[in-house]
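See below for the structure under consideration.
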Amino acid sequence: MKTKDKIIFRLSVIFIICLLSGSILYAQKTGFIVKRESDMGIRTISLSDTSKSIAYQWNLNHIYSSEAAWKQDFEKLKGYQGKMGPYKKDLTLNAKLLLEGLQLRDQINLLQHQLQSWAEKRLQKNINDTIRQYLVKELSLLTGTLDAEQAFVDEALLAMDSIKIQTFFATEPKLVTYKPYLNNLMRTRSNQLSTDAAALIAQAGDVLDSPQKMFNAIKQDLTFAPVNDGNGNIIPLTGSYFNLLNSRDQKVRKDAYNSRMSGYYKHKNALAMALASEVNRDIFLARAQGFSSCLEWSLLEEAVPIEVFKNYITAVNKNVPSLQKWLNIRRRLLGVDSLSLADIYVPLPIPGYNEERYGYDESLKLANKALIPLGESYLAIFQKAQSQGWIDVFPSPEKAPWLGSSSMVYGVHPYVLLNWDSTLFSLKTLVHEMGHAISQNYISQDEPFLYQRWWYCTSETPSTCNEILLKEYMLANSQDKIKKLFLLQDEIDRTAHLLFNLGLESEFELVVHTQAEQGGTLSADWLLNSYHQLAKKYYGSAISLDTLDDMRGLLDLLNNPWGTCYVRYVYSLGYCASQNFAKRLIANEPNIQNTYRRFLGRGRMHYPIDALKDAGVDFTTSAPFEETLKDFANKVDLFEQLLKEIQ
């Protein structure tokens, strides 16, 4: 259960996730490039590859057979208005009333979920459908009313005596379904704000959101110098940045990078003020709830022990030599005298490599082989998804142009959205989103609707594990050393981002918050210098850093889609868990398929670190981080060895 302050600051993000029903930030979470340049024009999907075949489209009739059926349930949902009112006074009077009130809330929320899923998926299929836009808007307004009518529930439960709650469990066995939910509320009770304090903070929402508003206002005033595209054309940076960073000409890359960073550098003092305001907001909210540090505050929601974060930072720092070795290999392959941050994005020129194309049907066969370690029952669901309208495959002019998403319709099945373009990225996205989907399917089987949401810590593990299994299968079954080099580079760059790049960001976030918590100032000069020192520690002599590079740290922290601090590390943690599971599945460790199946079915009834530990991945030690970092170093060594063999 989220604390009230985090609800305020994650509201916009949660609304987007709910409204669009999918993990649409996949590229931002995992991409080594796209995440950084979202404000400069992101990768788009070609609309030329289309298919109207029913076999490659969603079957939304599984949710509602017709619009008339949807509208019938919409009227039913309207009828729930005011139904929670009688429980506002008497919810905790006795066990029977508590059970009735909680069950009624679940009924309302489940019906909302089903209505929302159908309407929004129809809209995803045709983003220009004004009728569906209207339905979604009407549903959103009704949902807001119903949510407000439920708002008293947690407050009433937090006011209960612990002994009384245990008595209720003893007298009403059906309340056992709600035990994890109630226990979690009680766990956070001492840090909950009073009713008056929560109301005051809610009223100050606009003020507390001002740092990001300030950042957005600064971005609107940015100007970037035009750059030469390498062909003699002077072009604007906006909309071209991604392509320019992929140029084979280092001067083009460097000019584009410097143009962007120079534009921000002109506003360094205003940007520093925006970041300082955001950090001070975090400190204010953490202290209001009785925490001495923002780190402790941020870890409360998912019950993550503080040593997990410390283990992560320590392990990454210990292993930076392997990152520096990889960066030096990059420098040699790119043929440059010195490597800059502009050069760590561009794909390496693997000698003799020609990009492969992957047809969708052939890719399904490849994926089925790669995922064999997951077991027959897992593959049966994967194959069912292919034939029964779970996956919408090809792009079309009216379809939402996302790179990939997956969402569960409770009581029905998951739906996966793709925009297939026959690249390796599409193939990886297929197995990635199916990892999400099958985990969602298992959670819906194993846990009630109340617990269906993932924890941040484990949200990417099922999907990333599938990607690792795919990549390991392709590496093991290819005799082509050039292809192996390409696959290795792709995985090494991914790991470099998820462990070292996010490690640098997370450590800088810790340094910045600690400085402010101890009463220090966050001036532009202090922020830039602090990031410079950390970046030198991570990159060593492998990258030549200059003043403009120091802006990266400031921008990394301000580019904050989560609305709260210390979230980046969870992607590193999830990736390390994925590596652990994939290695054990490939080795066919005794009972690993059952162990992993149980983990995949864990929603919010179990805390994420506990669920991982139960499955044999203990993040209260540094072992999972160290194992993944060792694998990274081994892949760098293998890449270097194969490169020597073909040269």
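Quick notes
- Cα long-axis angle, helix 320-334 against the chain (0 to 90 degrees, to the nearest 10): 50
- Annotation: amide H-H contacts under 5 Å for L339 (H modelled 1.01 Å from N, sequence separation of 5 or more, or interchain): S544.
- Modelled FRET efficiency - R0 56 Å, S387 with K318, Cβ distances, 0.05 increments: 0.70
- Of the solvent-accessible surface of the chain, computed with a 1.4 Å probe over protein heavy atoms with every protein chain present, carbon and sulfur atoms account for 53 percent.
- For V227, nonlocal amide neighbours, meaning residues 5 or more places apart or on other chains whose placed amide H falls under 5 Å from its own, are I235, L237.
- Once the Cβ-Cβ distance of S541 and E302 is raised to the sixth power relative to R0 = 35 Å, the FRET efficiency obtained is 0.40.
- Accessible area per residue for the range 576-647 is 44 Å², calculated with a 1.4 Å probe on protein heavy atoms, without ligands, DNA or RNA.
- Counting only alpha carbon atoms, the long axis of helix 424-446 and the longest principal axis of the chain meet at about 20°.
- Calculated from backbone phi, Karplus (6.51, -1.76, 1.60) coupling profile of the range 393-406 in Hz, x at Gly/Pro: 8, 9, x, 8, x, 9, 7, 4, x, 6, 6, x, 7, 9
- Coupling constants for the range 73-90 follow from the phi torsions by the Karplus curve (6.51 cos²θ - 1.76 cosθ + 1.60, θ = phi - 60°), and in residue order they are 6, 5, 5, 5, 5, 4, x, 7, 4, x, 5, 7, x, x, 8, 4, 8, 10 Hz; glycine and proline get x.
- The label point for S338 and the one for Q647, both projected 7 Å from the Cα toward the Cβ, are 2.2 nm apart.
- Considering only the Cα atoms of the chain, their convex hull presents on average a projected area of 28.9 nm².
- Net dipole in debye of the range 108-200 [+1 Lys, Arg Cβ; -1 Asp, Glu Cβ; about Cα centre; nearest 20]: 420
- Both radii come from the Cα set of the range 338-432: Rg as radius of gyration, Rh as Kirkwood radius; their ratio Rg/Rh reads 1.07.
- Debye log10 I(q)/I(0) for the range 180-267, one point scatterer per Cα, at q = 0.15, 0.16, 0.23 Å⁻¹: -0.68, -0.72, -1.09
- Here's the list of lysines a cross-link from K484 could span, going by alpha-carbon distance under 17 Å and ignoring same-chain residues fewer than 8 apart: K428, K471, K635, K644.
- In a fully extended conformation the segment linking I163 and S292 would gain 43.5 nm over its present Cα-Cα distance, using 0.36 nm per residue.
- Structure-based [θ]222 nm, the chain - -39500 (n - 2.57) summed over DSSP H runs of at least 4, per residue, nearest 500: -19000 deg cm²/dmol
- Difference of contour (0.36 nm per residue) and Cα-Cα distance, N61 to E75: 3.1 nm
- Using alpha-carbon coordinates, inclination of helix 502-517 to the longest axis of the chain, degrees: 60
- Distant-in-sequence amide H partners of V409 (H built 1.01 Å from N, under 5 Å): Y415
- The dipole here belongs to the chain: it is taken about the Cα centre, uses +1 on the Cβ of Lys and Arg and -1 on the Cβ of Asp and Glu, and is about 380 debye.
- Annotation for V176 and Q445: the two label points, set 7 Å from Cα along the Cα-Cβ direction, are 2.2 nm apart.
- A crude spin-label estimate for the pair A225 and R189, with each label 7 Å from Cα along the Cβ direction, gives 6.2 nm.
- In sequence order, the range 535-548 has phi-based couplings of 4, 4, 5, 6, 8, x, 8, 5, 10, 8, 9, 10, 4, 5 Hz under the Karplus curve 6.51 cos²θ - 1.76 cosθ + 1.60, θ = phi - 60°, and Gly or Pro positions carry x.
- Farthest towards the positive end of the charge dipole of the range 503-647, among the residues Q515, L504, Y571, is the Cα of Y571, using unit charges on the Cβ of Lys, Arg, Asp and Glu.
The values are calculated or read from the model by the stated rules, or taken from the named source; none is laboratory data. From a predicted model like this one, the values you see are computed outputs, not experimental measurements. As a convention, Cβ positions derive from the backbone with ideal geometry for all residues, glycine included, and neighbour counts pool all protein chains shown. These accessible areas exclude ligands, DNA and RNA; they are computed on the full protein's heavy atoms, side chains included. Shrake-Rupley method; radii C 1.70, N 1.55, O 1.52, S 1.80 Å.
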